[in-house]
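To start, the structure itself, in structure tokens.
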Amino acid sequence: MSFADLGLSDKVLQAVTAAGYTEPTPIQAQAIPHVLARRDVLGIAQTGTGKTAAFTLPMLTMLETGRARARMPRTLILEPTRELAAQVVENFERYGTNHKLNVALIIGGVSFADQDAKLTRGTDVLIATPGRLLDHFERGKLLLTGVELLVIDEADRMLDMGFIPDIERIVKMVPFTRQTLFFSATMPPEIERLADMFLHNPQRVEVARPASTAATIVQRLVATGSEGHEKRDRLRQLIRGEAELNNGLIFCNRKRDVAQLQKSLASHGFNVAALHGDMDQRARTIALDGFRSGEVPLLVASDVAARGLDIPAVSHVFNFDVPHHPEDYVHRIGRTGRAGRAGHAFTLVGRGDDRSLQAIEALIGQPIPWLDGDLSALPEDDAEGEGRTRHRGRGARSGESARRSRGGRGTGEARSTSGRRNAPERARAAEAEATPAREAPSREAPSREDNPVASAPSRQRPERGSERGRHRRDEEDGETPVGLGAHVPAFLLRPAIVKKRK
Ligand code: AMP
């Protein structure tokens, strides 16, 4: 099948040729004709499948007729993160070179004034994150009654981040007669419910099993002590030992660990940037651009910040922490081994990670081999404090690890789908999105000859692990201990001696 068979306009076909694409990807081939036929579409596809073009190309074709009115966008695309929203804008720029369309990006962390000016001029395509969109709406700067087509992208991520109540509000503001395109990488029951609610007689298109990992990725587990310094040490050994490492993404479960690990690697001579939700938009863009261009070959990231980013040709993924949610493992390692290229994915595993690891292996349907022996190969004294577990799958787990493996859902977790966010809450979230960066990742460290990722120590200042703002599942900082937590001082455990009165 060729692009010409899909019903796209000549202008769009020219832009597609100019982009160098010869054939539509499976999601494009399946979805585009239905979008052009004005059908609702339920697309089950991950990033990296070409799903963005699956909606931008037909939208461009459809928008060639008609024109925008002030404050009344004609189409609306909702994205869970600012980076994803910005990537969709890039897609409109790339494929819309032959069109004169007004595209507005409405995201947090940047000034309202410029966004207002764009909305006033009239927008053909409005690309937004939910919180900032509602803020504009509440200020009376926006009317959604002219929306002819609504795209809800990365719906499962919206769910994870607690955005579903916002999405439900927004959907109520757009006309019932609109066309809706709904994309999600996975279809848990809650997402099925939303799809039923938002879509009318949708055409379902599905391109890959959500739990599958590419066969081109060499996956390995790496046994490590559980202390931060032991994990950092093991990670450095791994990076240094990988001769084929061109560039690598390093994932942490918690924002504060992202900042700490980046600082530590930089101090050991690695050329490395950080990407997490507490950084402001400018710092995130600098970090990402440096990594994309190859200037900075290592990027330490949290799941939310890195989700869905289009970073081609990553040779290595390192999981500094085993993700608590197995689908995050699939997303993380999906950053490498793309388009048939070889990829490497290493996961550091400590005692206490057994439950999370079992869930991952169950999801991907295969055991992951160990690099140099499993946890039983670790020295005895490493088990201090958690010594009851000698081997994963055997023995009792410590209270701490057991709590974490129950799903890691801490007290300050992102709102569940049933928890509606009120206006003050959303305002707080918007404020958090606008939190100024305390650092900008260094872009100046030159590469060393012997290792492409090592460099002179970066001059980057450490970022303190601020916990302001929206607490996101993927960037959780663990549970708040109750009382003394897992640690009980020995003197409290001694039996009390009560003297009898005469
Ligand atoms: P996405 O899934 O939308 O994030 O797209 C992943 C990558 O695939 C992006 O770098 C696109 O530029 C690229 N891409 C999209 N469509 C095609 C196509 N038909 N042929 C080759 N690459 C494509």
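Only the coordinates and a few stated rules stand behind these numbers; no lab work does. Keep in mind it's a predicted model, so treat the numbers as computed, not measured. Methodologically, a virtual Cβ is constructed for each residue, glycine included, from the backbone with ideal geometry; neighbour enumeration extends over all protein chains shown.
Taking chymotrypsin sites (Phe, Trp or Tyr not before Pro) across segment 128-219, the ones in a DSSP loop with at most 13 further Cβ atoms lying within 10 angstrom of their Cβ are F176.
Spin-label pair D196-E244: with each label point 7 Å from Cα along the Cα-Cβ axis, the two points sit 4.6 nm from one another.
In terms of surrounding Cβ atoms within a 10 Å radius of their Cβ, S356, S264 rank from fewest to most as S264, S356.
Length gained on full extension, K100 to R292: 66.3 nm, using 0.36 nm per residue less the C-alpha separation.
The phi-based Karplus calculation (6.51 cos²θ - 1.76 cosθ + 1.60; θ = phi - 60°) puts the 3J(HN,Hα) values of segment 30-41 at 7, 7, 4, x, 6, 5, 5, 7, 6, 7, 6, 10 Hz, whole numbers, x for Gly and Pro. Between M187 and A215, full extension at 0.36 nm per residue minus the direct alpha carbon distance yields a gain of 7.8 nm. Of the peptides 318-324, 117-123, the ranking by mean beta-carbon count within 10 Å, highest at the top, reads 318-324, 117-123. Each peptide in 362-371, 30-39 receives the mean, over its residues, of other Cβ atoms within 10 Å, and ordering these scores from highest gives 30-39, 362-371. Each of the peptides 57-63, 98-104 was scored by the mean count of other Cβ atoms within 10 Å over its residues; in descending order, highest first, they stand as 57-63, 98-104. A convex hull fitted to the Cα coordinates of segment 3-206 yields 108 cubic angstrom per residue. Spin-label model, S111/A342: points 7 Å from Cα along the beta carbon direction are separated by 5.1 nm.
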